[in-house]
Amino acid sequence: MSVVPIAISHKAMEGTQPDGSSLRVWLSDPLCFTPWYTAALARALASANVSLRLLSASVSREPEYFAQVSLSPDPGPFHFDDLANGWPSSLRRVLRCAAAISNSIALARTLESTPSKRPDILHLQQLPLLNHNIGSDFELLAAARRCGIPVVHTVHNLLPHDTGNRRENIFGRLYRSVDHLICHSRDIADTLEARFDIPSNFISVIPHGPLFESREHINPSDARAALKLPQDRPIVLWQGVMATYKGLDLLLQAWRLTAPRWRNRSAAMPLLVIAGTGSSEVEAAVQAAATALPDSVRADIHYIPTNRLPSYYHAADLLVYPYRSITTSGALLTGLCYRKPIIASDLPPFREYLEPGENALLVPPGNVAALSSALEEAIGGIAKLHQQPRSESSKNIYLGLLLGAANNHRRYVGWDQIARQTIGVYRATIATKAAQPKVCKTLHTFPKASFRKA
């Protein structure tokens, strides 16, 4: 997977360094909406000698996380959310939003009043206030524009999940208000061009990196013991934030079809482990399923600290991603780095990492019957492997997938390379910006002539 090049002359790049030396970057994730991605990118950029300011709140349920990975966020002067420890989650969210809005205004004023503190580039991650039609982030964009500071935005979600097209206008405005867009797949780059009329030379494709990658090997037996999971049963894992687009309800429907077929067999009953949190409605549905199928569903409905997540992946035999739709998936990249067979929806961003019959079984999105059939096929292979460990891969679909998954590390890109590609985008965007005539001091929109396709 490669970066889509920015249209820029070699002369404009003369004198630049391959690393980030002397490059000053403000990396912004104001509500800490993508903390693990942001932290991984921040650390990789810092390792490449970028002078980085991390504009982010703390991780709400794990406030020491950034310190644990040697990062010190500096979001601005306002930290209202720190006052709300122990308050109801709804009030904490309000204070975090208030802090993000206040800091955005304060940072805009800093840019305009203190030239010595200006970065060379402003890199925005997710801006969830736009999900609610709150446009305070455009104040910071406008200030950056007036100060001649290029702005890069990473498109994690093309539009907010589960909102349909209701936010298309405000996100279209965002995409046309920045100097460059980064996305994680060619499919999304094509959609940005076609749906939002963004010229291809304003878009770069830089892959997503793995999250929660374990630094040490944990024996599956030890992982199961730590989590009090059975040692002798096939374990299927769904892990993450319980959002509607991730298809957890579809998985539960498929499991209700699959699990009863194992009750009268000699093989051990499979166990579906669901780990994570979500809305009260989704959590209630998961808990109801676990209550209805107590012998085959375990619901770990609580926040799982980062240092405990690897145990779940090491303990599992099979990972499932029954998503309805997706822009990119850090959860999938996490699953890949644990080299376990995967069942997933057949979606374009997934196909960039998953090969049917090689390291995964792919099913049509939303097709419960196909998902149930794939689960039964893979679980049957796990059972055979327990009974006949030396069975040939050609006769055991699961063993074949396991052998294919052993090469997953070749399917994704490490954070050091992601940092190098990102720095390349920074430098090219800065050079392109410097070459443009300074004709206005208002919020940027593309000139009509630049909409012509390359």
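The values are calculated or read from the model by the stated rules, or taken from the named source; none is laboratory data. Not measured: the values here are computed from a predicted model. Note: ideal-geometry Cβ built from the backbone for every residue, glycine included; neighbour counts use all protein chains shown.
Of everything in the stretch 316-331, what is farther than 21 Å from residue 374 by Cβ and touching a strand residue (DSSP E or B) at 6+ places or on another chain (Cβ under 9 Å)? Give them in sequence order.
327, 328
Identify, from the list 173, 166, 195, 186, the residue that is over 17 Å from residue 125 (Cβ atoms) and touching a strand residue (DSSP E or B) at 6+ places or on another chain (Cβ under 6 Å).
Only one candidate qualifies: 186.
Which one is farthest from the chain's Cα centre (by Cα), of the residues in the stretch 18-33 that are modelled with pLDDT of 90 or more and of a type in the set (D, E, K, R)?
24
Yes or no, residue by residue, for (1) part of a loop (DSSP other than H, G, I, E, B); (2) touching a Lys or Arg at 6+ places or on another chain (Cβ under 6 Å); (3) of a type in the set (Lys, Arg); (4) under 24 Å from residue 121 (Cα atoms):
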{"site": "49", "(1), (2), (3), (4)": "yes, no, no, yes"}
{"site": "63", "(1), (2), (3), (4)": "yes, no, no, no"}
{"site": "72", "(1), (2), (3), (4)": "yes, no, no, yes"}
{"site": "93", "(1), (2), (3), (4)": "no, no, yes, no"}
{"site": "96", "(1), (2), (3), (4)": "no, no, yes, no"}
{"site": "100", "(1), (2), (3), (4)": "no, no, no, yes"}
{"site": "104", "(1), (2), (3), (4)": "no, no, no, yes"}
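Between a first residue in the stretch 78-90 that is over 14 Å from residue 61 (Cβ atoms) and part of a loop (DSSP other than H, G, I, E, B) and a second residue that is modelled with pLDDT of 70 or more and of a type in the set (Ser, Thr, Tyr), which pairs have beta carbons less than 6 Å apart while being 6 or more apart in sequence or on different chains?
78/102
Condition check: surrounded by fewer than 23 Cβ atoms within 10 Å (Cβ to Cβ), more than 18 Å from residue 379 (Cβ to Cβ) and touching a residue at least 12 places away in the same chain (Cβ under 8 Å). Does residue 330 satisfy that? Steps first, answer last, please.
Numbers: surrounded by fewer than 23 Cβ atoms within 10 Å (Cβ to Cβ): yes; more than 18 Å from residue 379 (Cβ to Cβ): yes; touching a residue at least 12 places away in the same chain (Cβ under 8 Å): yes.
Considered against the rule, which asks whether it is surrounded by fewer than 23 Cβ atoms within 10 Å (Cβ to Cβ), more than 18 Å from residue 379 (Cβ to Cβ) and touching a residue at least 12 places away in the same chain (Cβ under 8 Å), residue 330 comes out as yes.
Give the residue, chosen from 59, 25, that is under 17 Å from residue 419 (Cα atoms) and buried (at least 16 other Cβ atoms within 10 Å of the Cβ).
The conditions single out 25.
Would you confirm, using the coordinates I've provided, whether residue 218 is of a type in the set (Val, Ile, Thr), surrounded by fewer than 17 Cβ atoms within 10 Å (Cβ to Cβ) and over 25 Å from residue 27 (Cα atoms)?
yes
Looking for whichever is polar (S, T, N, Q), within 29 Å of residue 354 (Cα to Cα) and outside the structural domain of residue 37 (by TED's automatic domain parsing) here; the options are 291, 277. Which one fits? Reasoning before the result, please.
Working: 291 fails: within 29 Å of residue 354 (Cα to Cα).
So the residue among 291, 277 that is polar (S, T, N, Q), within 29 Å of residue 354 (Cα to Cα) and outside the structural domain of residue 37 (by TED's automatic domain parsing) is 277.
Restricting attention to helices (runs of 4 or more DSSP H) lying wholly within the stretch 156-243, give those where 3 or more residues are over 23 Å from residue 134 (Cβ atoms).
Helices (runs of 4 or more DSSP H) meeting the threshold: 186-196, 220-227.
Listed here are the residues, each with its yes/no results for (1) more than 20 Å from residue 288 (Cα to Cα); (2) in contact (Cβ under 8 Å) with a residue 60 or more places away in the chain; (3) among the charged types (D, E, K, R).
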{"residue": "183", "(1), (2), (3)": "yes, yes, no"}
{"residue": "194", "(1), (2), (3)": "yes, no, no"}
{"residue": "199", "(1), (2), (3)": "yes, yes, no"}
{"residue": "209", "(1), (2), (3)": "yes, yes, no"}
{"residue": "235", "(1), (2), (3)": "no, yes, no"}
{"residue": "240", "(1), (2), (3)": "no, yes, no"}
{"residue": "243", "(1), (2), (3)": "no, yes, no"}
{"residue": "246", "(1), (2), (3)": "no, yes, yes"}
{"residue": "269", "(1), (2), (3)": "no, no, no"}
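Being in a loop (DSSP other than H, G, I, E, B) and either at pLDDT 95 or above or closer than 19 Å to residue 428 by Cα (or both) is the filter here, so list the residues in the stretch 134-155 that pass it.
Of all residues in the stretch 134-155, those in a loop (DSSP other than H, G, I, E, B) come to 134-136, 147-150, 155.
Scanning the stretch 134-155 gives 147, 148, 149, 150, 155.
Go through the stretch 297-310 and report how many residues are closer than 19 Å to residue 229 by Cβ and either modelled with pLDDT of 95 or more or of a type in the set (Val, Ile, Thr) (or both).
Residues that pass the stated criteria total 6.
Yes or no: residue 33 out of contact with any Gly (no Cβ under 9 Å at 6 or more places or on another chain), in contact (Cβ under 8 Å) with a residue 12 or more places away in the chain, closer than 15 Å to residue 211 by Cα and not β-branched (Val, Ile, Thr)?
yes
Residues checked against (1) closer than 23 Å to residue 427 by Cα; (2) touching a helix residue (DSSP H, G or I) at 6+ places or on another chain (Cβ under 9 Å); (3) not assigned by TED's automatic domain parsing to the domain that holds residue 420:
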| position | (1), (2), (3) |
| --- | --- |
| 29 | yes, yes, no |
| 60 | no, yes, no |
| 64 | no, no, no |
| 73 | no, yes, no |
| 76 | no, yes, no |
| 111 | yes, yes, no |
| 116 | yes, no, no |
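What is the number of the single condition among (1) surrounded by 22 or more Cβ atoms within 10 Å (Cβ to Cβ); (2) within 28 Å of residue 158 (Cβ to Cβ); (3) of a type outside the set (Asp, Glu); (4) not assigned by TED's automatic domain parsing to the domain that holds residue 38 that residue 422 does not meet?
In the conditions (1) surrounded by 22 or more Cβ atoms within 10 Å (Cβ to Cβ); (2) within 28 Å of residue 158 (Cβ to Cβ); (3) of a type outside the set (Asp, Glu); (4) not assigned by TED's automatic domain parsing to the domain that holds residue 38, residue 422 misses (4) alone.
What's the total number of residues in the stretch 278-336 that are touching a His at 6+ places or on another chain (Cβ under 8 Å) and part of a strand (DSSP E or B)?
0
Which of the residues that make up the stretch 114-138 are farther than 21 Å from residue 422 by Cα and crowded, with 17+ Cβ neighbours inside 10 Å?
Listed by number, the residues that qualify are 128, 129, 130, 131, 136, 137, 138.
Given the conditions (1) assigned by TED's automatic domain parsing to the domain that holds residue 110; (2) closer than 26 Å to residue 299 by Cβ; (3) touching a strand residue (DSSP E or B) at 6+ places or on another chain (Cβ under 7 Å), report the number of the one that residue 161 does not fulfil.
(3)
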